[in-house]
1. Hey, does the range 433-445 have a residue that's surrounded by fewer than 20 Cβ atoms within 10 Å (Cβ to Cβ) and either on the phi > 0 side of the Ramachandran plot or in a loop (DSSP other than H, G, I, E, B) (or both)?
2. Any idea which residue in the range 11-31 is surrounded by the fewest Cβ atoms within 10 Å (Cβ to Cβ), counting only those that are in contact with a helix residue (DSSP H, G or I) (Cβ under 9 Å, 6 or more places away or on another chain) and not in a strand (DSSP E or B)?
3. Could you check residue 56 against (1) crowded, with 19+ Cβ neighbours inside 10 Å; (2) over 27 Å from residue 286 (Cα atoms); (3) modelled with pLDDT under 95 and say which number it fails?
4. Any residue at all in the range 37-53 that is surrounded by 23 or more Cβ atoms within 10 Å (Cβ to Cβ), assigned by TED's automatic domain parsing to the domain that holds residue 171 and over 28 Å from residue 162 (Cα atoms)?
5. Six or more apart or on different chains, Cβ atoms under 7 Å: show the pairs whose first residue is in the range 442-453 and free of Cβ contacts under 8 Å to residues at least 40 places away in the same chain and whose second is part of a strand (DSSP E or B).
6. Just for the range 394-419: of the residues that are over 13 Å from residue 455 (Cβ atoms), surrounded by 15 or more Cβ atoms within 10 Å (Cβ to Cβ) and free of Cβ contacts under 8 Å to residues at least 60 places away in the same chain, which one is farthest from the chain's Cα centre (by Cα)?
7. Residues to consider are 410, 419, 382, 431; find the one that is within 24 Å of residue 327 (Cα to Cα) and at pLDDT 95 or above.
8. Considering only the range 398-420, state which residues are outside any loop (DSSP other than H, G, I, E, B), in contact with a strand residue (DSSP E or B) (Cβ under 7 Å, 6 or more places away or on another chain) and within 21 Å of residue 304 (Cβ to Cβ).
């Protein structure tokens, strides 16, 4: 939610969107002195990607939902335009940038330089630091601090302090791999290892990595998780998306403990997300800004005017173990609860065909615990208007959850946009769904966060009614809540 009037069509209420022009990857996510900071990839001259990319801008929040947008943070310079990166608090002045204050924010970002001399373009890593809580920035005079002679893709640094080895660690996207570097001062970097060969999806270039430790639910175990976003491949219907790996990290080498590909989100519209740095220890959460809510297959064509793109709702991440398999659990941050009030409650409702509920909202949230008696298909229809409908279908024969936005509103801007989005389910006898509906999006969280599906929609209105239905059998809605805006 930005502090803007929601008068523009498709402008979200709950999700951050730029006041104008283009936005993509979230950058520099950090908590410092009572503020959450969000920087983002930005073209200040157009509502399409391209031109001189900036970190710009910048937005701050006290609660992860309502954001104040600030001026552009980092501008292009002689080393190139400003691509994605991260930020850290240098509490111990390892850089020497903060001799007179107890810590300050350092941004680590990619310079992307295109010229007749540099063909293909050169990518390198630079630093900038701030003395005033991220409002203004000084670029390090000896940038770049890290470059490579042969790698064309060498970008998107995510940096964190690794306590057990007492050093900074950087994970960097390098083609279809992730390279790991270390440093004691953020300035001088040493190569440690490379990850990615013969594992995971290689449908596109690897981008925007993040590496962090997560506790496993209900025991004392913890594992390291590596997030990797995958760029668009025109031969794959899904377009850009994000995978993750679970394993161990010793400060030098990350080792995945599984084969196959794990997807962070099964929708088409969650990309390049990373987690916040420096969340206070007493808070203890790993908060992920579920990413840029779009897909490179159609991002430049979505039907907004004067601005493009939004971010997902921030999510708290956890890890759940089932035998020897680990699954990331993601749920909306608890701060979102303040924006809703409970309105309609369903208890033990049997549905043989269809039941409709009035739900005329500017934004809303629906939670349903459903047991299937014998229906072949069942699900939820979001009736934006009498003719605009987004359908969530549980197919018990194929064990699939399907989101169909073919009739959701404007879809003609892309042949790919109407293609159904699917999640393979292990059990369709019972399912718990939580859905956040905003002006131009639906976010679905299933079974306590075991899976997520993020999808853009462009209806004429947000919502008028919700229907629950069953085909060729019955379902039991054991419990359901319809939450409306807390006005």
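1. No, the range 433-445 contains no residue that is surrounded by fewer than 20 Cβ atoms within 10 Å (Cβ to Cβ) and either on the phi > 0 side of the Ramachandran plot or in a loop (DSSP other than H, G, I, E, B) (or both).
2. 13
3. (2)
4. Here is the first cut: in the range 37-53, the residues surrounded by 23 or more Cβ atoms within 10 Å (Cβ to Cβ) are 37-42, 53.
Filter once more, so that each one left must be assigned by TED's automatic domain parsing to the domain that holds residue 171: 37-42, 53.
Okay, now just the ones that are also over 28 Å from residue 162 (Cα atoms), so 42, 53.
Within the range 37-53 (the criterion being surrounded by 23 or more Cβ atoms within 10 Å (Cβ to Cβ), assigned by TED's automatic domain parsing to the domain that holds residue 171 and over 28 Å from residue 162 (Cα atoms)), the answer is yes, since at least one residue qualifies.
5. If the second residue must be part of a strand (DSSP E or B), the pairs left are 447/431; 447/432.
6. 396
7. Result of the check over 410, 419, 382, 431: 431.
8. Step one: of the range 398-420, the residues outside any loop (DSSP other than H, G, I, E, B) are 400-407.
Of the ones still in play, those that are also in contact with a strand residue (DSSP E or B) (Cβ under 7 Å, 6 or more places away or on another chain) are 400-405, 407.
Of everything in the range 398-420, those that are outside any loop (DSSP other than H, G, I, E, B), in contact with a strand residue (DSSP E or B) (Cβ under 7 Å, 6 or more places away or on another chain) and within 21 Å of residue 304 (Cβ to Cβ) turn out to be 403, 405, 407.
The values are calculated or read from the model by the stated rules, or taken from the named source; none is laboratory data. Remember, it's a predicted structure, so these values are computed and weren't measured experimentally. Heads up, the Cβs are rebuilt from the backbone with ideal geometry, glycines too, and the neighbour counts pull from every protein chain shown.
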